[in-house]
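The values are calculated or read from the model by the stated rules, or taken from the named source; none is laboratory data. Because the structure is predicted, anything quoted here is derived from the model rather than measured. Glycine also receives a Cβ, built like all others from the backbone with ideal geometry; neighbour counts cover every protein chain displayed. Ligands, DNA and RNA are excluded from the accessible area calculation, which covers all protein heavy atoms including side chains. Shrake-Rupley method; radii C 1.70, N 1.55, O 1.52, S 1.80 Å.
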Amino acid sequence: MSSSNVNRIADISCRAVLDATGHYGVEVDVTVGWGIVRSQARVSCAPDPDNDSDRTYYNSVISAIDTFDTSLKPRLVGAPLTESRAIDSVLDTSTQASPMPPQIAALTRSISTAVWRGRASGSNRPLYRLLAEEMKTPTIRLPTPIVSVLGGGAVADSELGFAQILIFPLRTTSFKDALESVVTVHQSISKVLKSEFGVGGVTVADDGSFAAPLRDVEDAIRIVETALDNSGKIFEMGIGINCGASHLWDAAKEEYDTKWNWRKPEKESVDEEEPQQPTEEDVEHETEEPSTDQPPLSSGRMHSARSESRSTPGLENPPSARPLSPKTSYTPLEWTDLLISLIERHRILYLEHTHILEHDQELKRLFGYCSTHNVLLAQSRPILEAFGEIESVLPLSLSTSLSEANTLTDLISLSADLQLTGHAVIVDCTMQKITETVSADVAVGTGSGLIKLSLARGENIEVVNQLLRVEEEMKGLAVYGFDLWRVVEKTQNELKAEFDESERIRKEEIRRRKEEEERARREEEERAAEEERRRVEAEEAAAAAAMAAEEQPEELPDEE
């Protein structure tokens with residue numbers, strides 16, 4: 001077989017497979033002259049559990065595969081892997097629907113990944129090196145991990161409306177060191193949650209974060225702050241929030257509603273029934289003493305006997321002791337004010353998906369505030385496209401992407417365009433749910449410098465391990481971290497300097513008070529000693545006078 005035929009596509013086989021949540025994804029095998037290249041992709045939507053549509057969902061995946069086999073596969077078989085951009089162009093134009101249906105998008109993404117991976121293997125290069133060459137990236141850059149630690153909204157079945165609470169390292173010089181810091185804080189958060197909620201506090205959300213029974217975003221932030229303080233990483237890590245604004249926006253009320261009621265059907269209205277008279281048995285139960293075998297549940301929150309008897313270390317006012325704030329709905333103006341207040345009160349250094357596209361004025365107001373306070377923003381691709389002048393308003397804004405790109409060619413073009421205008425692409429793996437390491441290669445190859453993941457899902461751990469392998473392969477030649485991250489690190493350094501200065505002033509004040517107290521104590525002792533000396537002298541003088549009076553002879557009367 002000639003060398004030209006070795007790298008030509010001989011066959012493409014597609015099948016439906018299961019992802020980590022038991023939903024269907026797609027797997028593709030691209031057969032070439034030297035072997036088979038495999039890739040997987042999850043379908044970005046899941047079946048509606050309330051409508052019993054699992055079979056329909058499976059059929060839609062099978063239908064997408066059948067459509068590919070009949071219309072696209074004949075156009076791709078025989079194409080050389082070296083023409084990966086041309087193959088991606090065919091895949092991009094495979095459907096006129098906009099946006100592309102999720103089943104078709106997953107299949108397209110999986111085929112594109114397999115083709116690029118096969119092209120890299122055929123030239124004896126890792127995929128990240130091939131992508132770096134296509135991006136014309138001068139150096140290989142390892143990303144800084146942004147880790148989702150607490151989930152809410154659409155990723156966790158809890159009342160917390162905000163989608164994710166995130167942490168990221170600031171003072172690390174390698175991915176290995178960054179990972180070590182993140183794991184330390186992640187374990188500390190687990191301990192705080194177990195202490196507060198028992199084992200129910202460390203259940204895993206869809207994105208791999210902890211799905212603790214939290215209701216208020218400030219409760220979630222305080223738990224993270226407590227864990228950072230307990231682990232000694234309070235000034236070595238940053239805190240971020242993924243607002244998930246599109247899920248919080250209530251178009252009917254025209255407000256952002258932070259009380260999440262996902263998958264909870266509304267109660268049907270029923271006619272009020274007349275109250276029934278209590279029976280003798282009910283009266284007997286009411287007069288019985290309450291059982292003390294089980295700890296009480298407070299406000300519907302999960303508690304354990306351990307959390308009832310022991311408070312969280314370092315958490316002075318635990319979430320279970322605070323009622324839910326009555327304010328849960330916000331107008332666009334109030335919503336922006338809320339986000340700004342969270343930044344000011346909790347040193348939030350990263351915000352993601354803050355507004356829907358229609359609220360352009362509030363977006364610009366938040367952008368303006370963040371640009372003067374060194375807070376990084378991540379917005380969706382449509383928002384960045386709608387605000388073409390955004391680089392003049394806020395040069396620190398970012399865009400999350402990977403699932404938004406249907407092919408690797410599309411992702412390369414998006415990354416290049418954004419980086420030229422001072423933006424960057426965050427490779428988001430938190431909702432990957434498929435055992436696939438291409439996210440690691442994309443993050444390194446495109447030079448984005450940022451990757452968003454979790455530490456409680458096996459498919460994300462595969463991405464982490466791949467990044468560790470890349471760092472070892474580069475043997476110190478790769479650059480670590482995101483350039484704009486230095487701005488946030490500077491902000492954190494300034495905060496630490498302010499804290500150190502306040503600590504110096506506080507310690508100086510304590511030292512001054514101690515000196516004053518010691519001086520006052522000495523003066524009091526000297527005053528008491530002086531009074532005692534005077535008292536003794538007075539007593540001695542009185543005694544001497546009395547003795548002298550006794551020794552003086554009595555005068556005899558004169559005789560006539």
Q | Square roots of 5 times each gyration tensor eigenvalue, C-alpha, the stretch 68-154, largest first, Å | A | 26, 23, 11
Q) What dipole magnitude, in Debye to the nearest 20, does the stretch 163-207 give about its Cα centre under +1 on Lys/Arg Cβ and -1 on Asp/Glu Cβ? A) 180
**Q.** Counted charge near residue 521, where neighbours are those whose Cβ lies closer than 11 Å (Asp, Glu -1; Lys, Arg +1)
**A.** -4
Q: Rank by packing, highest mean first: peptides 69-80, 108-119, with packing defined as the count of other Cβ atoms within 10 Å averaged across residues.
A: 108-119, 69-80
Q: Putting +1 on Lys and Arg Cβ atoms and -1 on Asp and Glu Cβ atoms, find which of 148, 174, 110 reaches farthest to the positive end of the dipole of the stretch 80-209.
A: 174
Q.
Apply the Karplus curve 6.51 cos²θ - 1.76 cosθ + 1.60, θ = phi - 60°, to the phi angles in the stretch 525-542 and return the couplings in whole Hz, x for Gly and Pro.
A. 5, 5, 5, 5, 5, 5, 5, 5, 4, 5, 5, 5, 4, 5, 5, 5, 5, 5
Q) If you count, for each residue, the other Cβ atoms within 10 Å and average over each peptide, how do 335-342, 8-15 line up from highest to lowest? A) 335-342, 8-15
Q. So for 551, 334, what's the accessible-area order with a 1.4 Å probe, most first?
A. 551, 334
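Cβ under 12 Å from residue 132's Cβ, residue 132 left aside: what net charge do those residues give with Lys, Arg +1 and Asp, Glu -1? If you can, show how the numbers build up before the last one.
Values: positive: 125, 129, 136, 141; negative: 133, 134, 441.
Net of charged neighbours comes to +1.
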Q.
Please report the accessible area of residue 524 (heavy atoms, 1.4 Å probe, ligands and nucleic acids excluded) in Å², nearest 10.
A. 90
